[in-house]
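Data block below; observations after.
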Amino acid sequence: MKYFPESALMQLEFDKVQALLQLHCKTELGYQKAVNLRLHTHIDYVKAALQQAHEFKQLILMQEHFPNDHVLNLHTELRMLEIEGAYLTGEQAMNLRRLAESMHSIFRFFDHDRRIQYSGLAEVINDTYYEKKVSAIIDEVLDETGQVRDNASPELSRIRTALFRKRTELRRVFDRILQKLQKLNYLADQEEAFLNGRRVVAIYAENKRMVKGIIHGESDTRKTAFLEPEETIELNNDIQSLEREEGREVYRILKAMTASLSAYKVLLNGYHEILGTYDFIRAKAKLALDMDANYPSVVPQAQLHLVQAYHPLLLIYNRQNNKPTIPVNISLDKDAHILVISGPNAGGKTVTLKTVGLIQLMLQSGLLVPVHPSSQLGIFKQLMIHIGDTQSLEFELSTYSSHLKNMKYFMENANGRTLFFIDELGSGSDPNLGGAFAEVIMEELAKKHSFGIVTTHYLNLKVMANKVKGIINGAMGFNEETLMPMYKLMIGKPGSSYTFSIAERIGLHPALIARAKKLVDEGHFQLDKLLNKAEQDLQKVEAKEKDLQKLLKENEKLKREYEILADKEKKHQQITFMKLQNQIKEADLTYLKDMERKLKQVVVEWKRANDSNEKEKVMKQAEILLFRRREKQINEKHNKKVQDKFEEVGGQCQVGDQVKILTNRQVGRLIEIRDKRGIVQLGNIPINVKLSDLVVVQEKPTESVD
């Protein structure tokens, strides 16, 4: 991606995002990738980079371990493999072994299911393979601590066996000498010591002539001499000779091992690059978690559709200080591709502009961005920016001259794949003349079909945004009562600068404000006043709409609660009914026996019936016999309970009356009347009943006992 000027990335604070990314890198290679982060215009590259970061973010969120713990910086070790005759130390070789084993763990991680689930991460290892011979070559020579094994070669085995015997013999001889010198009270220290690679004893300096041997040195106080006894000189010589042989053989073995590993230098370099790449992807995922970043839709055409977009750095800063951050929603497409943002100073115009610019830079560098996943962003070929005072001391240009110089570059180079940002277009000059040039610049950029955001206080730019095709207005919200910005972008209308409102609120003398109003063109003043009023009216409408949405949500909540209660009551009634069915008394048994006899008679009569009419009559008799009598008994029992407790009053039903439902003989309180129906509260359940099915009742007075 091309960008103008050279400081564009720094003006949009992209370097600060890079610095945060670098903090999450563990390896030198990952760190360098973060330092060298580039902006790309190939949509396939951008999508692949975003997909990888998104998948690693999902791994972290699901707490699924990805095996890249042993990520090392092995440039020195890998360089040694390319130098003929060089050799790796045991520690260096073990680092290469850990590199190979890390790759082995990664290959094991990507089983069949994970290769599908995390296809973007699996793509990183598609062009390589795991070679087990690398670990085998090292294991054949080194043990788990990185020391050359005794059996690495027959010669080394012979040397170390001889060394073991000589050292054992030297230890026995030395122990005898120490015991002897201890008895003579010559020893200054019983601990064994080595000097110049040879085993010595520490004796008092005044006794050094009393013991045969070689003096190798004295202590700083000269009270102790370090002497090699005559009996151990030959043994020490043999041991040193064997140690030199051991060193030469170890060198030969390590050199041969290094030569064998050099055959896999290309593969190992690839392993190192892959682990660095995974470290870099992991850093991008960690940064995404810091700023609640997501993977939006990326489309090939130039467009912007940002939903709940946050300024990444402002979001992190506010979160650290427990402050809220207001997101913005912006859409730019081929029909509306330039947004003119107006409103009062310190209202968030520049922050909104920088938010869009920084998010676009992050996206085209392969970083997840702090927007809602439903957002859609296109790919732009070039980015142009003009923010703040760009006065050039080098060319002795004024602020406005520098401004026009940049605008000249914009107009000459902009096209349909350009994304530009201009803060305070036309500022630095006479308002009328600067406004005229600003209109020309805007019209030219609109003709080029370029995309961009412009902030301004010029009234003529607010007016032209509604007339020129492709240019739309936007305003930053402002609370006139509190004189505080709302940091909320409203698309489709220009914003007032609130110049006189702010002056009135801060207590400027009314006479001064009145004089200033007289100096302003009446049409200009009236239009700004109209914008002011329209914005405040819109805020009131939005507040009412917000309250309405709240009430609708509460209504939905009450509806759900009612449905739950109604369902509970229905189940309760079903359980009660089942209990009643199961409470069979002796009188019912007698009834059942009598019923059995009558049913047998019904069956006989049904068989005797010659036509369907007679059979239908028999069935009706059976129906009456089976159901209506039982229903009548239950209703009579329930009616008796109601009659014993309540008496009918009569009259027209009113809200608050105690009423009886004639259809089921239940008694409740009438709580509402709707046309010809009423709502009766039965316990905790409201029941909808026809008014014609209700009768007013009252409880019978209880008889007192004298």
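Scanning residues 5 or more positions from Val369 or on other chains, those with amide H under 5 Å from its amide H are Asn294, with H placed 1.01 Å from N in the peptide plane. Rounded to the nearest 0.05, what FRET efficiency do Lys2 and Arg319 give with R0 = 30 Å and r taken as the Cβ-Cβ distance? Could you check? It comes to 0.35. Here the 3J(HN,Hα) profile of the range 360-371, calculated from phi with Karplus coefficients 6.51, -1.76 and 1.60 at θ = phi - 60°, is 5, 5, 4, 4, 7, 9, x, 9, 5, 10, x, 9 Hz, Gly and Pro shown as x. Straightening the chain between Gln549 and Arg167 buys 128.5 nm, computed as 0.36 nm per residue apart minus the Cα-Cα spacing.
Each label was represented as a point 7 Å from its Cα along the Cα-to-Cβ direction; for Ile233 and Lys47 these points are 8.4 nm apart.
Taking every lysine pair in the range 127-245 that is 8 or more places apart or spans two chains, those with Cα atoms closer than 18 Å amount to 5.
Per-residue SASA remark: Ile316, around 30 Å² accessible (1.4 Å probe; ligands, DNA and RNA not included). Take the Cβ atoms of Cys653 and Lys568, set R0 to 30 Å, and the FRET efficiency comes out at 0.65.
Taking 15 Å as the cut-off, the amide N atoms of the range 668-688 that come nearer than this to a point 7 Å along the Cα-to-beta-carbon line of Glu561 belong to 684-686. Excluding His75 itself, what net charge comes from residues whose Cβ is under 14 Å from its Cβ, given Lys and Arg +1 and Asp and Glu -1? So the surrounding residues net to -2. Which of the pairs Lys286/Lys354; Lys2/Lys265; Lys354/Lys553; Lys405/Lys447; Lys286/Lys323; Lys381/Lys408 have their Cα atoms more than 27 Å apart in this structure? Violating the 27 Å Cα-Cα cut-off are Lys2/Lys265; Lys354/Lys553.
Calculated translational diffusion coefficient of the range 114-267 (4 °C, 1.567 mPa s; Stokes-Einstein with Kirkwood radius over alpha-carbon pairs) equals 66 µm²/s. Protection proxy ranking, highest mean first, for peptides 299-309, 352-362: 352-362, 299-309, where packing is the per-residue count of other beta-carbon atoms within 10 Å, averaged. For the peptides 414-425, 371-382, the ranking by mean Cβ contacts within 10 Å, running from highest to lowest, is 414-425, 371-382.
Taking all protein chains as shown and a probe of 1.4 angstrom, His75 keeps an accessible surface of around 100 Å². The order of the peptides 112-119, 271-278 by mean Cβ neighbours within 10 Å, most packed first, is 271-278, 112-119. Rolling a 1.4 Å probe over the protein heavy atoms gives the range 1-90 an accessible area of 55 Å² per residue. In this simple spin-label approximation, Gln63 and Asn151 carry label points 7 Å from Cα along the Cα→Cβ vector, and these lie 4.4 nm apart.
Amide H contacts of Lys488 (H built 1.01 Å from N, in plane; Pro and chain starts excluded): Gly477 sit under 5 Å, all sequence-distant by 5 or more or on other chains. Counting every pair of alpha carbons in the range 19-109, the share spaced more than 20 Å apart comes to 55 percent.
The values are calculated or read from the model by the stated rules, or taken from the named source; none is laboratory data. Treat the numbers as computed from the prediction; the structure is a model and nothing was measured. Because the Cβ atoms are built from the backbone with ideal geometry, glycine has one as well, and the counts that use them run over all protein chains shown. When the accessible area is computed, the model is the full protein with side chains, heavy atoms only, and any ligands, DNA or RNA have been set aside. Shrake-Rupley method; radii C 1.70, N 1.55, O 1.52, S 1.80 Å.
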